[in-house]
Amino acid sequence: MKRRGIAGAIICASAILITSLTSAGATAVTPSKATFPTGPVKLVMWWWGEQEAPGAKLWLADTIKAYKVKHPNVTIQTVLQTTDGLVPAFAAAAAAKKGPDLQYFWGGIYAQQPGWDGQIAAVSDYIPAKELAHYINASTEESFQGKIWTAPWYVNPSFPVVARKDVLSKYGLSVPMTWKELLNACDVLSAKGVTTLAGGIKDGWFGGWLYSIIGAQSVTSSKDVVAAVVGKQKFTDPIHAAWWTRLQETQSHGCWNKDINSLQLYQAQQLWVSGKAAMTVVAGPDTPNFVAKVGASKVVVMPMPKWGTGAFAGKLGTTSQTIGITKWSKYPQVAADFITFSHQTAQLNNWFAKTGSMPADDRFNIAGVKDPVKKALFTSVLSGGPYLENFIPAQLDTDAVFTNAQLVLKGTRTGAQAAANMQSVMERLRMTDRNLVKNFTAWAK
Amino acid sequence: MTSAATTAYHATAPDPSGAARGRRRSFGPWPWILPAGIGILFVFGYSLVDLLQQSFKYRGTWVGLDNFRLVVTDPLFQTAIFHNALLLFTVPILVALALLFAILLFETRRGMRFYQSAVFLPYLLPIPVVGVVFGQLLQLNGALNLGLRALGLQSFALDWLGDPNQALVTMSAIIIWKEVGFGTILILARLISLPTELLEAAQIDGAGFFKKHLKITTPQLRSVILFYAINEAIVMVSWVFNYVYVMTNGQGGPGDATMVSELYIYRSAFQNQAPELAAAAAVLLLISTLFFIIGFFKVQSRSQSGIFDE
């Protein structure tokens with residue numbers, strides 16, 4: 001009876017705990033460079049982006065329709081992913097070697113890691129180098145030892161601060177351009193019960209944004225960040241740790257909405273739209289939409305107020321959102337052809353028309369853009385700074401940047417404690433991910 | 001006491017019609033159990049073996065106990081386990097509330113069905129719905145706090161899910177609200193089936209409400225209470241993932257304030273691309289859950305041997 005009980009217990013416990021951890025053992029399909037197939041071809045594309053580039057869905061439908069005219073035998077099915085589900089859904093698909101043919105990836109590490117893990121085929125194996133040379137940020141974020149993992153799709157000026165002149169002027173303030181001015185605005189506005197900066201960090205993502213736009217002001221290049229990742233520098237060194245102190249200053253000066261920890265990223269931005277906050281941070285592709293909601297005459301679009309003396313202080317960052325081809329896709333050459341097709345002039349112009357944001361292709365004619373806000377944003381990304389969040393391990397982002405930013409903004413952790421914690425999480429990651437140092441070192445070369 | 005004893009007797013007693021027939025009878029249940037048994041073994045047995053294998057490997061290479069060492073020494077895993085342990089403290093609260101509600105419903109003459117439904121309804125609601133609703137309701141400027149402020153109870157308007165010192169307690173309260181209905185119905189069902197003679201006799205002897213239920217009712221509910229307690233302990237150790245995932249956007253935050261072992265496993269496997277560490281953590285969680293499941297089976301076997309009929 002006892003034995004039977006234990007056996008039953010084992011089975012039940014297995015049922016409870018293991019179902020989500022099964023792995024499939026299929027062998028990856030080696031990409032072939034066969035001629036374009038003439039029989040029916042179905043591609044599945046998992047994507048994200050409507051959240052920050054509204055209109056992307058319409059563009060995708062148009063582009064697939066146009067591609068269907070060119071290749072009637074190719075059907076492309078699209079699945080829009082959630083922000084929180086994008087990475088885990090692909091990880092599950094990769095474990096099963098089954099799922100999309102075309103997959104959306106954020107830039108930098110989010111494109112590198114699946115390449116290192118053998119989950120995607122390099123697009124440079126299918127798209128000629130002279131074509132890829134036009135794709136903005138491909139060589140800075142997606143390249144690895146001569147290969148380009150994923151193809152940039154659209155550019156994300158990262159991340160603009162939008163300031164409402166009408167709200168600030170009501171309290172006798174002008175738009176703060178320096179850190180000192182920002183903290184002064186926070187003091188004045190918080191005394192009046194007005195939020196200076198609107199933010200939502202419950203879902204964590206905003207922590208990564210803040211790291212990138214405040215932290216970039218003290219580093220000399222993305223190589224500094226990679227050096228801290230591989231252990232040649234430390235995240236407690238002043239150039240990496242100072243931003244935490246700046247973040248703590250924003251908390252102690254009452255810059256943020258008090259409910260920052262119970263709001264999600266996109267929820268909080270609405271406080272700015274409704275006039276309850278003077279400033280907020282928005283996704284680059286979505287910036288023109290935010291400006292339009294309030295009225296261009298009332299808004300200033302700017303980088304995070306300047307505090308550092310680094311090369312990127314007072315500059316926006318630049319990153320591209322990308323599309324990759326999965327290793328198990330039966331038709332990688334068709335997937336690559338679709339990517340190339342999406343970079344043709346008609347599609348680039350249609351992207352701008354549908355979303356108001358910039359396609360990640362230097363052949364897009366910025367001179368033709370009339371809106372001064374958009375034009376300034378688009379021009380800035382061509383010489384933007386590195387988007388730091390894309391150069392650290394994704395787990396460091398979630399386990400150290402997201403979490404510490406939440407605690408610092410709640411006032412339960414100091415900047416120095418946050419920096420120390422980030423360093424200790426990094427040291428631990430170098431132990432748990434045995435290939436991390438090797439991969440990051442190779443990437444930095 | 002005697003249905004189990006009678007069954008045992010049938011299985012072992014000599015059959016007057018011959019030994020061969022007796023042997024055939026002793027194999028009686030197995031052909032019926034076998035198909036389902038094979039199915040379970042295939043689905044979960046395979047997964048279990050695969051999980052164990054993964055937990056001892058890194059990218060296909062044997063690493064011995066290295067994954068376990070890394071998991072056990074991970075401060076985040078330690079925090080997650082600590083939070084699961086803290087959630088176990090909600091079990092006595094759940095049991096006490098379920099018992100109280102069951103007795104109150106038992107004593108209610110009018111509208112019992114309505115109250116039964118009202119108590120049981122939260123248990124029927126999908127956890128993601130509960131998570132989303134409470135996530136909105138419990139924002140710092142959410143409906144609950146707006147109501148509290150309107151009543152002048154400003155100091156009670158806390159950052160329920162946004163304050164790291166508060167979040168796990170809030171989460172526990174939501175879990176209790178959701179889970180208490182199951183226990184109430186379970187206990188009530190048993191309560192209704194109890195023989196009424198003892199209660200009537202106690203009433204005639206002048207026993208009051210509390211004495212009656214404390215001395216007569218509760219002892220007779222011992223096995224069903226134990227069953228519920230073990231079931232909820234298993235929930236707290238290995239079934240709270242949905243609550244945490246939905247209410248914290250999969251972060252276990254603020255900071256690591258609501259990190260639990262299941263979320264740690266999920267994030268390791270699907271977010272951090274470390275399936276080996278996830279496997280090692282899952283094996284550890286499996287072992288800890290086993291203790292509760294063995295307890296669960298013991299309670300079940302005791303109930304089969306007559307404890308429910310005490």
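The values are calculated or read from the model by the stated rules, or taken from the named source; none is laboratory data. Every value quoted in this text rests on a predicted model; they were computed, and no experiment measured them. Cβ sites come from the backbone with ideal geometry, for glycine too, and all protein chains shown count toward neighbours. Quick note on the areas: whole protein, heavy atoms, side chains included, nothing else; ligands and nucleic acids left out. Shrake-Rupley method; radii C 1.70, N 1.55, O 1.52, S 1.80 Å.
With no solvent and one point on each alpha carbon, what is the Debye value of log10 I(q)/I(0) for the protein assembly as shown at q = 0.05, 0.06, 0.11 Å⁻¹? The Cα Debye sum returns log10 ratios of -0.32, -0.45, -1.24. Summing charges over neighbours of residue A:144, with a neighbour being any other residue whose Cβ is under 13 Å away from its Cβ, gives -1 when K and R count +1 and D and E count -1.
If you take the accessible area of B alone plus A alone and subtract the pair, what total do you get in square angstrom, rounded to 100, with a 1.4 Å probe?
Interface between B and A: roughly 4700 Å².
If R0 is taken as 30 Å, the Cβ-Cβ distance between residue B:300 and residue A:431 corresponds to a FRET efficiency of 0.10. Amide hydrogen proximity for residue A:79: with H placed 1.01 Å from N in the peptide plane, the residues at 5 or more positions away or on another chain lying under 5 Å are A:45, A:46, A:47. Between residue A:327 and residues 5 or more places away or on another chain, which pairs have amide H atoms under 5 Å apart, with H built 1.01 Å from N, and which residues are they? It is A:120, A:121, by chain and number.
Put a dot 7 Å past the Cα of residue B:149, heading toward its Cβ, do the same for residue A:298, and the two dots end up 2.2 nm apart. The relative contact order of the range A:298-374 comes to 18 percent, based on Cα pairs under 8 Å that sit 6 or more residues apart. Each of B:60, B:235, B:208 was placed along the dipole of chain B (beta-carbon charges, centred on the mean Cα), and the one lying farthest toward the positive end is B:208.
The charge dipole of the range B:71-309, taken about its Cα centre with unit charges on the Cβ atoms of Lys, Arg (+1), Asp and Glu (-1) only, comes to about 640 debye. Taking every residue in B:133-141 and counting other chain Cβ atoms within 10 Å of its Cβ, the average works out to 3. With a Förster radius of 60 Å applied to the beta-carbon distance between residue B:93 and residue A:346, the computed FRET efficiency rounds to 0.40. Placing pseudo-labels 7 Å out from each Cα toward the beta carbon at residue A:192 and residue B:218 gives an inter-label distance of 6.0 nm.
Normalising the average separation of contacting C-alpha pairs (under 8 angstrom, six or more residues apart) by the number of residues puts the relative contact order of chain B at 27 percent.
Comparing each chain alone with all protein chains together (probe 1.4 Å, DNA, RNA and ligands left out), the residues of the range A:402-417 losing at least 20 Å² of accessible area are A:403, A:406, A:407, A:410, A:412.
Just to confirm, what accessible area per residue do you get for the range B:257-300 at 1.4 Å probe, in whole Å²?
With the other protein chains kept in place, the range B:257-300 gives 27 Å² per residue.
Helix-only arithmetic for the protein assembly as shown: the sum of -39500 (n - 2.57) across DSSP H runs with n ≥ 4, divided by the residue total, places the mean residue ellipticity at 222 nm at -16500 deg cm²/dmol. Considering only B:293, B:187, B:204, the mean-square fluctuation computed in a Gaussian network model of chain B, springs between alpha carbons under 10 angstrom, is largest for B:204. Here the accessible area of chain B is 70 percent carbon and sulfur, with a 1.4 angstrom probe and all protein chains present.
Taking the centroid of alpha carbons for each part, the range A:42-72 and the range B:93-136 are 47 Å apart.
Per atom type, the range A:345-408 shows carbon and sulfur on 57% of its accessible surface, probed at 1.4 Å. Find the centroid of the Cα atoms in the range A:183-243 and in the range A:311-360, then give the distance between the two in whole Å. The two parts, judged by their Cα centres, are 28 Å apart.
Among B:206-218, A:192-204, A:155-167, B:138-150, the peptide with the highest mean count of other Cβ atoms within 10 Å heads the list, and the full ranking is A:155-167, A:192-204, B:138-150, B:206-218.
With each label modelled as a point 7 angstrom along the Cα→C-beta vector, the residue A:38-residue B:110 pair spans 8.4 nm.
Report, to the nearest whole %, how much of the accessible area of the range A:129-213 belongs to carbon and sulfur atoms, 1.4 Å probe, protein only.
Carbon and sulfur atoms account for 54 percent of the accessible area of the range A:129-213.
Shielding of peptide B:41-53 by partners, expressed as the average count of other chain Cβ atoms within 10 Å per residue Cβ, is 4.
Rounding to the nearest 20 debye, state how big the charge dipole of the protein assembly as shown is about its Cα centre with +1 on each Lys and Arg Cβ and -1 on each Asp and Glu Cβ. Taking the Cα centre of the protein assembly as shown as origin, the dipole is about 720 debye.
With contacts taken as Cα pairs under 8 Å at a separation of at least 6 residues, chain A carries a relative contact order of 26 percent.
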